[in-house]
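The values are calculated or read from the model by the stated rules, or taken from the named source; none is laboratory data. Since we're looking at a predicted model, the values are computed, not measured. Don't worry about glycine lacking a Cβ; one is built from the backbone with ideal geometry, like all the others, and counts go over all protein chains shown. Please note that ligands, DNA and RNA were not included when accessible areas were found on the heavy atoms of the full protein model with its side chains. Shrake-Rupley method; radii C 1.70, N 1.55, O 1.52, S 1.80 Å.
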Amino acid sequence: MASLITCPHCGVRPKEEFTIRGDASVTRPSPEADGEVWHAYVHLRDNPRGLHKEYWHHTSGCRRWLVVTRDTVSHDVIDVSDAGALA
Amino acid sequence: MDLMRYSALSVFLNALRGNKSWGPAWRAPEPKPHYDVVIVGGGGHGLATAYYLAKEFGITNVAVLEKGWLGSGNIGRNTTIIRSNYLLDGNEPFYEFSLKLWEGLEQDFNFNAMVSQRGVLNLFHSDAQRDAYTRRGNAMLLQGADAQLLDRDEVRAMVPFLGFDSARFPIQGGLLQRRGGTVRHDAVAWGYARGADRRGVDIIQNCEVTGIRRKNGRVVGVETSKGFIGCGKLALTAAGNSTTVARMADIALPIDSHVLQAFVSEGLKPFIDNVVTFGAGHFYISQSDKGGLVFGGDIDGYNSYAQRGNLAAVEHVMEAGTAMIPGLSRIRVLRSWGGIMDMSMDGSPIIDRTHIDNLYLNAGWCYGGFKATPASGWCTAHLVANDAPHPTAAAFRLDRFKRGYLIDENGGGAQPNLH
Ligand SMILES: Cc1cc2nc3c(=O)[nH]c(=O)nc-3n(C[C@H](O)[C@H](O)[C@H](O)COP(=O)(O)OP(=O)(O)OC[C@H]3O[C@@H](n4cnc5c(N)ncnc54)[C@H](O)[C@@H]3O)c2cc1C
Ligand SMILES: [Zn+2]
C-alpha cells in the first residue's frame, strides 16, 4: 500500500512525510532543445496502468529524492531507491 | 398514450395496471456492424454527448460503448455538486452554460434528477482570501452568473454551527452562489441514457474498447470485447481512462490518473441545507435527501487506477471537516469509495479534435466534471456534428499546452496532483 514507504535512509515511514512529484521516466531536455521536446517533458505523460516509476521527496525526513516503483492498480510498492544512486 | 413518457398521469395509469406495464428505461441492443458515430465511455459525458447528438444535431445512428455498467465510473461516484463559480474567461462561460442546462434538464430529458439549487457557499478565512473571492465573484457576475459576498454574520445566520472562532482559520465570510447545488448523480446517467435510447442511440454495456483501427490516417472503427464495430466518427469520453484509450490511437495526453475519495455518514435529520466548502483546506459537504452527509476533500496524490484510496487522505479529510464543523467529530461515517479521474496539467478539461481527422477527444475533467456534464455533452456533440468548437468550449484545446495558453485556475503549474 502507498500508505507506507520504506525510505532507504530512514526505514518505514508514513506517506504524509513525502511530497509526490510524479513520473520519473521523463528526462529534462537541454535548454536548447526544440519546443516540441520541452512540451513532451513538461506536459505529456505515459500514465501507465501497472508499474510506474515516480519521484517522491522525503520532505519531512532525510530530504532525499527517491524513486518509488509502484503498481498503480494494486498500490503495491515494488522498490524504493535513492534518486542519486539511479542518476 | 405513451406510457413510457414519465408524468403524473403515467404514474397513475400504470398504478391502475398494478405497475406491470413499465418497460425497461432503455434497450440492451447487440452492436450493429457500423455507426455514424461511436462514443467510448458510458459515463455522464458520453451519454450526454449521445443525447445531444440525437436531440440537438439530428445524428441518431450512434452507439455508446461502456466497458462496465452505466454509472460504474465517476458519474456514479462523485459528490454531486454543481456550480459555475470559476474565475477565468476560458472556464466561466462554459460552466455557466452548464448550470443553465441543469436548470432545464429534468423537463428536457423527462427524468427526475433531483436538481436542487440549494446554494454553494465557499468560506474565506483571511483578508487576502476575501479579496480573491471578491474578484472571483465579480468575474462570475461579468459572465452572467450569480454571486454574493457574505460577511461573517451573514454566514453565521445561514450555517450557525461552523467553527467561526477557530484560532488558526477563523471564518471571515463566504462567497455564495445561490443557483449552485446538488443533483442526484446516477439519475443523470439514467436520464441521458433513456433520452438517447428513445431517440435511437444504442447503449451497449459490458463492451470494452481494446483498440482503435485506422486506415489512411482515419479511424475506421474500434476493436471491442464484442468484436469489431465500424464508425464514421469516434469520440473518446473515457474520463479517468482517457490516456489508456487515446494511446490506442498513439496519442499521448497531458494527463495523469488520480484517485479521489468520497464519504457518506449515517442518516441524520436535516442539518446542512447548502453545499459548504472550507477555504483553509480541501473539504466540501452537503446532505443527501436520505439524510447522509456527503463529503470529500483532496485526491490521494499518486497516480492510481484503483478506485479506492488510502488512509492518509481519509485522515486529512476528517481533520479538515472537523476544523470546519466541530460537531462532525460525533458523526459516524457509513461508507467511503474512490473514483479515478483524469488530472490534467492545468486542471482544466479538453474538448477538441485531434490530429486524426475523425477522432474527437473529451478528457481531463479532474474533480469538476460532474457539474460540466450537460455542457460537456452539448459542446462535444456540437464539435462532432459541425467539426467546429462550441463558443463556450473554444478554449479547451488540446494544443493549448504546447502553445502556452493554459487555463490554470489556481496557478498550480504543470503538476497534475496540485490541481
Ligand atoms: C469521489 C469523487 C467526487 C467528485 N465530486 C464532484 C463534484 O462534486 N462535482 C463535480 O462537478 N465533479 C465531481 N467529480 C468529478 C466527476 O465525477 C468527473 O469529472 C466526471 O464524472 C467524469 O465524467 P464521466 O461522468 O463521463 O466519467 P465516468 O462516469 O467515469 O465515465 C467514463 C466511462 O468510460 C468507461 N471506459 C473507460 N475505458 C473504457 C474502454 N476502454 N472501453 C469502454 N468504456 C470505457 C468507464 O467504465 C466509465 O464508465 C468527482 C469525482 C470523484 C471520483
Ligand atoms: Zn528518508
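A few remarks follow.
- The Cα atoms of region B:334-414 give a gyration tensor whose axes a ≥ b ≥ c have a/c of 1.5 or more with a/b no greater than b/c, which makes the shape oblate.
- Spatially proximal aspartates and glutamates relative to A:LYS53 (Cα-Cα < 20 Å; intrachain offsets below 8 disregarded): A:GLU16, A:GLU17, A:ASP23, A:ASP71, A:ASP76, A:ASP79, A:ASP82, B:ASP256, B:ASP300, B:ASP342
- For region B:1-118, the spread of Cα coordinates along the three principal axes comes to 53, 43, 29 Å, biggest extent given first.
- On the beta carbon distance between B:ARG178 and B:ALA388, with R0 = 35 Å, the FRET formula returns roughly 0.55.
- Pairs from B:LYS32/B:LYS55; B:LYS55/B:LYS100; B:LYS100/B:LYS290 whose Cα-Cα separation, in the structure shown, is over 23 Å: B:LYS100/B:LYS290
- In this Cβ point-charge picture (+1 for Lys and Arg, -1 for Asp and Glu), chain A has a dipole of about 280 debye about its Cα centre.
- For the protein assembly as shown, the equivalent ellipsoid derived from the Cα gyration tensor has semi-axes of 35, 32, 22 Å, listed largest first.
- Protection proxy ranking for A:46-59, B:360-373, using the average of other Cβ atoms within 10 Å per residue and placing the highest first: B:360-373, A:46-59.
- Per residue value of the accessible surface for region B:1-137 (all protein chains in place, 1.4 Å probe), Å²: 44 Å²
- Between the listed residues B:TYR302, B:GLY279, B:VAL245, the Cα displaced farthest toward the positive end of the dipole of region B:204-347, a dipole computed from Cβ unit charges relative to the Cα centre, is found at B:VAL245.
- Residues in region B:307-347 reached by a label modelled at A:LEU4 [backbone nitrogen below 16 Å; 7 Å Cα→Cβ]: B:310-312
- Residues of region B:254-287 whose accessible area, computed with a 1.4 Å probe over protein heavy atoms, drops by at least 30 Å² once all protein chains are present relative to their chain alone are B:ASP256.
- Residue among B:ASN78, B:GLN177, B:ALA139 farthest towards the positive dipole end of region B:67-190, charges placed on Cβ: B:ASN78
- Cα-based helix-to-principal-axis angle, B:44-57 vs chain B, degrees rounded to 10: 60 degrees
- Other residues within the sphere of radius under 14 Å centred on the Cβ of B:ILE203, judged by their own Cβ, net out at +3 (K and R +1, D and E -1).
- Here the simple spin-label model places points 7 Å from the Cα toward Cβ, and for A:ASP82 and B:ARG152 these points are separated by 5.1 nm.
- Residues of type aspartates and glutamates that B:LYS226 reaches as a straight line, Cα spacing below 15 Å, ignoring anything fewer than 8 places off in the same chain: B:GLU30, B:GLU66, B:ASP202, B:GLU208
- For a modelled paramagnetic label at B:LEU88, 7 Å from Cα along Cα-to-Cβ, the residues of region B:369-388 in reach, with backbone nitrogen under 16 Å, are B:369.
- Carbon/sulfur fraction of accessible area - the protein assembly as shown, other protein chains in place, 1.4 Å, %: 52 percent
- Percent RCO, i.e. relative contact order, over region B:236-361, from Cα pairs under 8 Å lying at least 6 residues apart: 33 percent
- With each label modelled as a point 7 angstrom along the Cα→C-beta vector, the A:ASP46-B:ALA8 pair spans 6.1 nm.
- With helices as the sole contributors, chain B gives -8500 deg cm²/dmol at 222 nm; each DSSP H run of n ≥ 4 counts as -39500 (n - 2.57), and the sum is divided by every residue.
- If R0 is 51 Å, the Cβ-Cβ spacing of A:ARG28 and B:LYS269 corresponds to a FRET efficiency of close to 0.35.
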